[in-house]
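Below is one structure; the comments refer to it alone.
Read-outs: derived from the displayed coordinates by stated rules, not from any lab. What you are looking at is a predicted structure, and each value in this text was computed from that prediction instead of being measured. Neighbour counts run over all protein chains shown; Cβ positions are idealised from the backbone, glycine included.
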Amino acid sequence: MARVLKLDSVSDDIHRGLSRSFQSGHINFMIGSGASWPAIATAGSIEQEIVKLFDSNKEDDGYLKLYDFLTTIQTPTNDLLADAENAKNAETVGHYVKYLGIIEAILSERRTRLLPKQATIFTTNYDLFIEKASLSYPSLRLNDGFSRTPSLNGRADYSSRTFFTTTSSTGNLYNYKVDIPCINLIKLHGSLSWKRDGDNVLFSVEKKPILPDDKSPAKVREFVDEYAVVLPQTKKFRTTLMESTYYELLRIYANELDREGTLLIGFGFSFGDEHILGITRRALKNPTLRLVAFAFSDADTEAFLKRFDGYNNVEVIAPPAGRKIDFKAFNEILGSVLPALNEKKK
């Protein structure tokens, strides 16, 4: 069955275990809504509430609930794009900046030539905090799935074929080749940076005005339907484009977990999504896959144990008594692995 590791009692074991996986494994993260708090409230039971409204044929109320859900993400995003003063945004961006810096350092410390200096972040979040944080690291390549080839109109099309490509730096005088640290950012549920254009998804980042107080059902539906995201409701797919994109990205997730020697670290994510949970459970039949799920609270620890009961390649990192594993604590744990990596290098 899944093992529970209490952070205060087995910290050294956690560090050594992660260090081994970071050096010799395929590094993957699953990031959920808990990582973008406090800028954005956690999803909670919003999907169940919306599903209940639609199943009860209360479509107008369901769309209004979807509108409220989307505006909790769009409002801080508008501030983010405008560089407006927002304390919660600043705190959240700070956590992501630290997080990406640790990943870059971990990849830079990898000494194996058999694996690229590459990690993959899977996320169900729509927000743009990771993209914002990546601007602090010009030497880190963030692959968000858009092909940015030179063009006069600046068009950038989305294609999953762009993931897992490697980039190297070579010298023009001396014969050397150095891999550039790269992070694949795979947004399983879409993004606020996605815009539909016929049968294509384009990169588009812009402030989106929130509707005034007088929100008619037609205006609310128009607002919701403009988003190129997978919505939390029974009929998740409003277009065949989003449906095909969603399942294509789920296949990438499944294929990545099926690779030999894969590490998957979950943070801020409950694995409550039925599709993602089902894929993860099937992948755990691969004995070389290791799932390390960080529990925010004791309640999350119990939930993980129930979801992954019977899998001995799952480790649940539980918080010390009376504490939580928030983003700051999570970064501290990841950062503490770096000295262990340096020791291995020596």
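Under a straight-distance cross-link criterion of Cα-Cα below 12 Å, which aspartates and glutamates are reachable from LYS285, leaving out those fewer than 8 residues away in the same chain?
Cα-Cα hits under 12 Å: ASP258, GLU260.
Please give the helix 11-24 orientation as an angle from the longest Cα principal axis of the chain, in degrees from 0 to 90, rounded to the nearest 10.
90 degrees
Pairs of Cα atoms under 8 Å, at least six residues apart: use those to get the relative contact order of region 225-290, whole percent.
Worked out over region 225-290, it gives 31 percent.
If you restrict to DSSP beta bridges whose two residues both lie in region 180-319, what percentage is antiparallel, to the nearest 5?
40 percent
Using a 7 Å offset from the Cα along the Cα-to-Cβ direction at both THR71 and GLU274, what is the distance between the two label points in nm, to one decimal?
3.0 nm
Measuring from label point to label point, each 7 Å out along Cα→Cβ, what is the ASN153 to LEU202 span in nm?
0.6 nm
Report, for the chain, the % of DSSP beta bridges that are antiparallel, rounded to 5.
25 percent
Report the charge-dipole magnitude of region 12-170 in Debye, nearest 20, computed about the Cα centre from +1 at each Lys and Arg Cβ and -1 at each Asp and Glu Cβ.
The dipole of region 12-170 has a size of about 1060 debye.
For ASP61 and ARG16 in the same chain, what is the full-extension length gain: residue separation times 0.36 nm, less their Cα-Cα distance, in nm?
11.1 nm
Could you order peptides 207-214, 187-194, 96-103 by the average number of other Cβ atoms within 10 Å of their residues, highest first?
The packing order, highest mean first, is 187-194, 96-103, 207-214.
What does the extension gain come out to for ARG113 and ARG3, with contour length at 0.36 nm per residue minus their alpha carbon separation?
36.4 nm
Hey, what's the Cα Rg ratio for region 248-321 versus the globular rule of thumb, 2.2 N^0.38 Å?
Expressed relative to 2.2 N^0.38 Å, the Cα Rg reads 1.07.
Taking a cut-off of 18 Å between Cα atoms, list the aspartates and glutamates near LYS195, but don't count ones fewer than 8 places away on the same chain.
ASP127, GLU131, ASP144, ASP157, GLU206, GLU222, ASP225, GLU226, GLU243, GLU248
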